[in-house]
Amino acid sequence: MRSPRRCSRNGCPRQAVATLTYVYNESTAVVGPLAAFAEPHTYDLCEPHARSLTAPRGWDVVRHEGEFEPPPPTTDDLVALAEAVREAARPVTPRPPEGDENLNPAPQTGRRGHLRVIPPSH
Ligand SMILES: [Zn+2]
């Protein structure tokens, strides 16, 4: 199961539903439906960011009118590669899977790995 594409704005965790494309020779920022391919000068945006986008001074904004649809699942290799790179760049806090022993909080005696479990004294 692949995670959906994310908004490219810093710190924004929302799913991307639109793609912003800068057309430099026309000084136009185009906010359209999510592009299937990541291209130079394109940025994926979530709906709030797509709606609230303002162009730099001297630029026009052409905005897709209507609903932004979440993208359908894709098996595109390019997207997979881009996500893999993004995933690698994201700081992660590894969290070990919880074993059965966490379901049983009763004191246990014995060695688990290099730790010795000492039961409380009565
Ligand atoms: Zn966003």
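Please treat every number below as a calculation from the coordinates, not as lab data. In this text, all values refer to a predicted model and were calculated from it rather than measured experimentally. Methodologically, a virtual Cβ is constructed for each residue, glycine included, from the backbone with ideal geometry; neighbour enumeration extends over all protein chains shown.
Using r as the Cβ-Cβ distance of Gln15 and Arg57, and R0 as 30 Å, what FRET efficiency do you calculate, to the nearest 0.05?
Details: r = 30 Å, r/R0 = 1.00.
E(calc), rounded to 0.05, equals 0.50.
How large is the direction-averaged shadow of the alpha-carbon convex hull of the stretch 13-60, in nm²? List each step's numbers first, then the result.
On the way: hull surface 14.0 nm².
Its Cα hull, projected and averaged over all orientations, spans 3.5 nm².
Straightening the chain between Ile118 and Ala82 buys 8.1 nm, computed as 0.36 nm per residue apart minus the Cα-Cα spacing.
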